[in-house]
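Undergrad: Here it is, the structure, as structure tokens.
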Amino acid sequence: MVSTRTKLLFVALALLFLSSCREETRQKSWQVKVLDRNWEFSKAGTEDWMPASVPGCIHTDLMAHQMIPDPFFGDNEQQVQWVEKEDWEYQCNFSVDSALYNRKCINLKFAGLDTYCDVYLNNFLLGSTNNMFMEWKYDIKKYISPGKNTLHIYFHSPVTIDSIEAKKLRYELPDNRVFTRKAPYQSGWDWGPRLVTSGIWKGVSIESCNYYKFDDVRINVISIDEDLVELFAEVEVHATQPENLVVEIFDRDKNKKLTTYTTEVIEGTNRFAWNFSIKNPKLWWPNWMGDPHIYSLQVKASTEEVFTDTLLKIGLRNIELIRNKDTVGEGFLFRVNGKDVFIKGANYVPQDNFPARVSPEKYEKLIENTKAANMNMLRVWGGGYYENDLFYDLCDKNGILVWQDFMFACAMYPGDLDFINSVTEEATQAIKRLRNHACLALWCGNNEVDNGWKDWGWQKQYKYSKADSSTIYSHYKKLFNQVLPALVADLDGNTDYWPSSPQFGWGHKECNTHGDSHYWGVWWGKEPFEMYEQKVGRFMSEYGFQAYPNYKTVESFCAANDLYLFSDALKNHQKHPVGNETILEYMEREYPVSDSLREFIYLSQLVQAGGMQTAIEAHRRAKPHCMGTLYWQLNDCWPVVSWSSIDYYGRWKAMHYKVRDLYKNYMISVDQQDSLIHIYVVSDSLENIKVELMIEVQDFNGKTIFTKDEKLEMPANSSQVVSTLNLKAFLSDSLTNASFLKIGLRKGRQELAERLHYFDLPKNLKLPEATINIKVNKSKHGYEIVINSSSLVKNLFLYSEEAEGHFSDNYFDLLPGEEEIVLFKTEEEIASPIDEFRFIHLGKIHRKDKSN
């Protein structure tokens, strides 16, 4: 006998089968035709048409035809500056079949046009564009023809238009680039080249529908708890005729309908909203706090004959920026699902000067490296562009929060009506596109614009009158204190807005007590790294130090005869006006100096890593006064000497390995005040735990001088001094530069954190002449390198002669008598592995320095 439960199951399956059959017989209302083929380009005024790549830009097309040299190599950048001054044309032919031609609604969509251009279809002017950050749509129903069609785009030189616009004002703004809504970094920065592009930098398509299509879907969290999440759905539908429409939302992973809404739509744009709920929700959490669970929601609108659908990937979470006043000033912390989060991350810049070249694999690798370094936030800096959907999808998936700047940086901006209208549409599109992403934590109006106006002396430099100053700053306030926050409140509603980063410049005492802080006393002010321990704000959203990229990266842009310190090719890849001398000055303070390029690169990375360790430890020790640290910068847009921890080719600098340890949930920090050693343990865990602290002092040959073990109870989300040592009690003065402190934190057999501390500067250490033993074994994903030494090897750096790959650890201290196993991950077969791998360490440079 068949049970009642089995009968019900058969009925449910039958209904599901009939439903799917009915859907297969219905026509899909909305269709897309991609136009990525048959493109040509030409210099305006000529008929020299050549094949073009779309998406792309004029520089990459010119390079493809060897009409310009690679601007990333040597000083070729200087040889291609003429490109920005010219006008350029692009065109393509495409065919339209009768099915497409007869559809009721036909739009031409450009996901991104850079920047000033006139768009023609079959010799009809569809419109002109002036904003790189916007998508542009044109109704082409009356201009399209069955059969062959020609799309033609005329790009005007952006720098020419900048000059024309600048002359319309009675005063001079700090930079002409501000008149064009275009990625600012392409005009050059102190880490990037000047390569002002034009072209079709994103995709082109024809979108068509017969009945209706989704223009926008928004889902906001109203309230959230462990048992129930209340949600708000807002849908915008474009219809070609009146319809009775059924809108359903399904959980695709569970194949479960969550809600149904029935409405009547009229011809044109229709907006409607309703509430629904999800029971027993799985919440989205940042990296290290829990699972960043993503719901795949299918939103479907249908009638008996036709349907259209879209897929949203959302995370159920609540993110707040908390700015409570306290006895010190005003705090700045992020709260996720009711839990205060210490933010650990970096500032992100565009990955290439030519954005269309950034592959999905490169996006995936960068976010993988971000997560591998235990980060939970990236700040998308306002001098680049709003990133593509894949970037935010990957941040959603990996639990990486995103601080999103609007695209304004380091200059004052116009305030005329046309400019404000353009920015309003730009911001509207950006907010609508990004607001459903779980990773989105904050909208920020700009980078350093308010700071620049108040602290950088523009009023004196450009000789502004009081009336000029009043006008310029009133434009600032209108845009960043009125227009943008109003748009965020209206169109997002779930995400907080912050008008400008930082709140106070680093010359003001309030930078340590209020809001977020950019501290550049180290580097720009050439203050010692120890100042990081004094200048700790409530949220450190910028600070940093430069280092050279990997030697192989330098080889990629230098000819063999330019591979020496401060060659012209190297100088062209150092965009800071006093960058090289600043690196050298800090190096001389703490390290031996080498005139070997390879060794100088290595030392510059140690200087950078050590400085950032001082900063990050100070920030984390200071919680809850300080609740976030975002160093400048994660990555590069070309191969360059810069503040990045990962270079253009994805190679980790010493700093990225260091950050991986510093950003773990548990961190040990040492604060040495003369002979007193204060040991901190910092926990970002949400749980109280019992741990064991193991303290040992050894000399450089492995002899134990002092040991101490302590049992601790670590409160959740805390920072505290757990032990204080007096060196004079067990260490003679003669050993302060010949011994080290090793501290471990364990829970049972699990190692939670480790910290090595030296009692003197690296250049003063009496490093022994170590014998390093290396064995290399083939492994599943590459090669296993087994290393040991009977004495200390300081900052051991492994590198490969030819093979490309990634070392699982590097720039580490090899302790006496201990064995380290490093995986070199590569897909290459190495003929003689033992001869492939080389190393540098600080002791080797010490001895070389002393022999000179």
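Undergrad: Below 8 Å between Cα atoms, with a sequence gap of 6+, how large is the relative contact order for the range 685-817 in percent?
TA: Once normalised by length, the contact order is 21 percent.
Undergrad: I would also like to ask the following. Can you order the peptides 565-577, 183-195, 466-478 by their average number of other Cβ atoms within 10 Å per residue, highest first?
TA: For the peptides 565-577, 183-195, 466-478, the packing ranking is 183-195, 565-577, 466-478.
Undergrad: Rounded to whole Hz and in sequence order, give me ³J(HN,Hα) for the range 702-710 from the Karplus expression 6.51 cos²θ - 1.76 cosθ + 1.60, θ = phi - 60°, writing x for Gly and Pro.
TA: x, 6, 7, 9, 7, 9, 7, 10, 9
Undergrad: Can you figure out the FRET efficiency of Ile772 with Glu330, using R₀ = 60 Å and their beta-carbon distance, to the nearest 0.05?
TA: Using R0 = 60 Å, I get an efficiency of 0.70.
Undergrad: Of the GluC sites (Glu not before Pro) in the range 27-101, which ones lie in a loop per DSSP and count no more than 10 other C-beta atoms within 10 Å?
TA: Answer by residue number: Glu47.
Undergrad: Sort 228-241, 389-402 for me by packing, meaning the mean count of neighbouring Cβ atoms within 10 Å per residue, highest on top. Intermediate values should be presented prior to the final figure.
TA: Details: 228-241: 17.9, 389-402: 20.7.
In descending order of packing, they fall as 389-402, 228-241.
Undergrad: Using label points projected 7 Å from each Cα along Cα→Cβ, tell me how many nm separate Ile222 and Asn701, to one decimal.
TA: Between Ile222 and Asn701, the label points sit 7.5 nm apart.
Undergrad: Pick the calculated Rg and Dmax of the Cα atoms in Å for this structure from (i) 29.5, 96; (ii) 27.5, 84; (iii) 28.4, 91?
TA: (i)
Undergrad: Please get the size of the charge dipole for the chain, origin at its Cα centre, with Cβ charges of +1 on Lys and Arg and -1 on Asp and Glu, quoted in debye to the nearest 20. Show your work: numbers first, answer last.
TA: Details: 95 positive and 116 negative charges, 291 e Å.
Roughly 1400 debye for the chain.
Undergrad: Okay, next question. Would you mind calculating the relative contact order of the range 405-539 from Cα pairs under 8 angstrom and at least 6 residues apart, reporting the percent as a whole number?
TA: Dividing the mean separation by the residue count of the range 405-539 yields 27 percent.
Undergrad: What FRET efficiency, computed as 1/(1 + (r/R0)^6) with R0 = 35 Å and r the Cβ-Cβ distance, is obtained for Ala559 and Glu533, rounded to the nearest 0.05?
TA: Computed FRET efficiency for Ala559 and Glu533 comes out at 0.25.
Undergrad: For the range 678-724, what does the accessible surface come to per residue with a 1.4 Å probe? Please give it in Å².
TA: Per residue, the range 678-724 has 49 Å² of solvent-accessible surface.
Undergrad: Also, quick follow-up: Subtracting the Cα-Cα distance from 0.36 nm times the residue separation, let me have the gained length for Glu264 to Tyr171 in nm, one decimal. Display every interim value, and only then the final one.
TA: Details: separation 93, 0.36 × 93 = 33.48 nm, distance 5.40 nm.
Answer, rounded to one decimal: 28.1 nm.
Undergrad: Let me ask something else about it. Between Asn244 and Thr303, with labels modelled 7 Å along Cα→Cβ, what's the label distance in nm to one decimal, could you check?
TA: Going from the Asn244 label point to the Thr303 one covers 1.1 nm.
Undergrad: Summarise the accessible area of the range 262-381 (1.4 Å probe, protein heavy atoms) by the percent that is carbon and sulfur.
TA: Percent of accessible area from carbon and sulfur atoms in the range 262-381: 45.
Undergrad: A further question on this structure: Report the full-extension gain for the segment Lys279 to Asp97: residue separation times 0.36 nm, less the Cα-Cα distance, to one decimal in nm.
TA: My answer for the length gained is 60.8 nm.
Undergrad: Filter the chain for me: DSSP H helices, axial length by Cα at least 15 angstrom, mean Kyte-Doolittle hydropathy not below 0.5. List them by residue number.
TA: Helices meeting the criterion: 4-25.
Undergrad: Let me ask something additional. Hey, got a sec? Which GluC sites (Glu not before Pro) in the range 787-852 land in a DSSP loop and have at most 14 other Cβ atoms within 10 Å?
TA: Glu801, Glu802, Glu804, Glu818, Glu827, Glu828, Glu829
Undergrad: I want the local charge near His619. Using Cβ-Cβ distances under 11 Å, sum +1 for each Lys or Arg and -1 for each Asp or Glu among the other residues.
TA: +4
Undergrad: Let me ask something else. Would you mind telling me the share, in percent, of accessible area of the range 423-463 contributed by carbon and sulfur at probe 1.4 angstrom?
TA: 48 percent
Undergrad: Taking H as built 1.01 Å from N, whose amide H comes closer than 5 Å to the amide H of Gly782, not counting residues under 5 places away?
TA: The answer is Thr826.
Undergrad: Hey, got a sec? Which trypsin sites (Lys or Arg not before Pro) in the range 81-173 land in a DSSP loop and have at most 10 other Cβ atoms within 10 Å?
TA: Listed in order of number, the matching sites are Lys142, Lys167, Lys168, Arg170.
Undergrad: What number comes out for the charge environment of Gln351, summing +1 per Lys or Arg and -1 per Asp or Glu over other residues with Cβ under 14 Å away?
TA: -3
Undergrad: Given the Cα atoms of the range 35-194, and with Rh set as the inverse mean 1/r over their pairs in the Kirkwood sense, what is Rg to Rh to two decimals?
TA: When Rh is taken as the Kirkwood radius, the ratio is 1.01.
Undergrad: Separation between the Gln672 and Ser832 pseudo-spin-labels, each 7 Å from Cα along Cα→Cβ, expressed in nm?
TA: Here the answer is 4.2 nm between the modelled labels.
Undergrad: Another question about this same structure. Among residues other than Ser208 whose Cβ falls under 10 Å from its Cβ, what is the net charge (Lys/Arg +1, Asp/Glu -1)?
TA: +4
Undergrad: Right, another one. Taking a 27 Å limit on the Cα-Cα distance, which of the listed pairs Lys142/Lys202; Lys362/Lys775; Lys325/Lys658; Lys141/Lys478; Lys454/Lys526 fall beyond it?
TA: Lys362/Lys775; Lys325/Lys658; Lys141/Lys478
Undergrad: Moving on. In percent, what relative contact order does the chain have, based on Cα pairs under 8 Å that are 6 or more apart in sequence?
TA: 9 percent
Undergrad: So, one more: What is the calculated FRET efficiency for Lys141 to Lys463, with r their C-beta to C-beta distance and R₀ = 60 Å, to the nearest 0.05?
TA: Values: r = 54 Å, r/R0 = 0.89.
After rounding, the FRET efficiency stands at 0.65.
Undergrad: Place a point 7 Å from the Cα of Glu230 along the Cα-to-Cβ direction; which residues of the range 270-289 have their backbone N under 14 Å from it?
TA: Zone members listed by number: 274-279.
Undergrad: Order 718-725, 729-736 from most to least packed using the mean count of other Cβ atoms within 10 Å.
TA: Output ranking for 718-725, 729-736: 718-725, 729-736.
Undergrad: Within the accessible area of the range 695-842, what % is carbon and sulfur when the probe is 1.4 Å and the other protein chains stay in place?
TA: 43 percent
The values are calculated or read from the model by the stated rules, or taken from the named source; none is laboratory data. Keep in mind that this is a model prediction, so the values were computed, not measured. No Cβ is skipped: glycine too gets one built from the backbone with ideal geometry, and neighbour counts run over all protein chains shown. Surface accessibility is based on the protein's heavy atoms, side chains included, excluding ligands, DNA and RNA. Shrake-Rupley method; radii C 1.70, N 1.55, O 1.52, S 1.80 Å.
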